[in-house]
Amino acid sequence: MSTLIYPDNETGIRPSFREKSAQASLLTTAVIYGPYFAYVFGQFARGTPAVISIAGAFIIAVALQTILIVIAHVVFALHGRPEEKDERDLAIEARSFRYAYIAFAGGAWTAMGLTLAWASAQSTQSVSHHVPLLMLQALLLAFVLAETTKFLVQVVGYRRGH
Amino acid sequence: MTSPTIHNHIRRLRFECGEMTQQGLAERAGVTRQTILAIESAKYSPSLKLAFKIAAALKKPIEEVFLYRDGTD
């Protein structure tokens, strides 16, 4: 039967709109939030976190990712219309959310533990007002790790077929 | 003994069904072409509902399209 000529030669998996969307989201999240957290936790490591600069960096990161994601989706839409979600899309999405939940739960507990450890390691009382900021950033890191996990599981799922 | 798998004859049946393309079958079954490709290559097992839709699109009973192998044979 191997000599049969089948109706088409569609043996390769060309990525769907949703797969390309997951790839773009994974890439932009990693590229933008990697340096962001390096900058933020670098400030805490030096013991001189500045709320204004961290807030500014956060706004830039969110704005940059929004712009890049919008541009990417416009380009993807020009090369092929977005399809309706089918049952495989939903199955891949459901699995990605399961893994993302595990990542977020683990990250949130780690964030609380690390915040307590950092606060107790500081020698002065003046650092106490930095604790909520550190907790906020640690929880944001947990959320970003969960998002990264979600997009990674989606990318792998689409590449593997499911 | 290997793990159970669901095999199918979609590719051959598409050929026998007026040289239907993956895209054509996908549109008839209401899924994306990538999903048909994943099913065809046995990477994704469809729901019972989708399996019936695919069989109907190929004008065959479901047991002629899909077959279950439990790994003992």
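Of all residues in the stretch A:46-89, those that are within 30 Å of A:ALA121 (Cβ to Cβ) and of a type in the set (Phe, Trp, Tyr) total 1. A single member of A:ALA91, A:ALA103, A:ALA108, A:ALA119 is in a helix (DSSP H, G or I) and crowded, with 20+ Cβ neighbours inside 10 Å, and it is A:ALA103.
Please enumerate the residues belonging to the stretch A:70-86 that are touching a residue at least 40 places away in the same chain (Cβ under 8 Å) and buried (at least 16 other Cβ atoms within 10 Å of the Cβ). Before you say what the answer is, go through the steps one by one.
Taking the stretch A:70-86 first, the residues touching a residue at least 40 places away in the same chain (Cβ under 8 Å) are A:72-73, A:76-77, A:80-83, A:85.
Passing the criteria: A:ALA72, A:HIS73, A:PHE76, A:GLU83.
Residues in the stretch B:31-73 that are among the aromatic types (Phe, Trp, Tyr) and surrounded by 14 or more Cβ atoms within 10 Å (Cβ to Cβ): B:TYR44, B:PHE52, B:PHE66.
B:ARG12 falls short on exactly one of the conditions (1) more than 9 Å from every other protein chain (Cβ to nearest Cβ); (2) of a type outside the set (Gly, Ala, Ser); (3) surrounded by fewer than 20 Cβ atoms within 10 Å (Cβ to Cβ), and that condition is (1).
Which of the residues that make up the stretch A:52-69 are modelled with pLDDT under 95 and surrounded by fewer than 11 Cβ atoms within 10 Å (Cβ to Cβ)? Matches in the stretch A:52-69: A:ILE52 only. Residue under question is A:ALA45, and the condition is that it be surrounded by fewer than 17 Cβ atoms within 10 Å (Cβ to Cβ), at pLDDT below 90 and either in contact with a strand residue (DSSP E or B) (Cβ under 8 Å, 6 or more places away or on another chain) or part of a helix (DSSP H, G or I) (or both); does it hold? Yes: the conditions hold for A:ALA45.
Being surrounded by fewer than 16 Cβ atoms within 10 Å (Cβ to Cβ) and modelled with pLDDT of 95 or more is a property that A:ILE5 lacks.
I need the full set of residues from the stretch B:17-37 which are outside any loop (DSSP other than H, G, I, E, B) and within 10 Å of chain A (Cβ to nearest Cβ), in order please. Once the filter is applied, which keeps residues that are outside any loop (DSSP other than H, G, I, E, B) and within 10 Å of chain A (Cβ to nearest Cβ), the stretch B:17-37 yields B:GLN22, B:GLN23, B:GLY24, B:LEU25, B:ALA26, B:ALA29, B:ARG33, B:GLN34, B:THR35, B:ILE36, B:LEU37.
The values are calculated or read from the model by the stated rules, or taken from the named source; none is laboratory data. The shown structure was predicted, so the numbers you read here are calculated from the model rather than taken from an experiment. Positions of Cβ are generated from backbone atoms using ideal geometry, with glycine treated the same way; all protein chains shown enter the neighbour counts.
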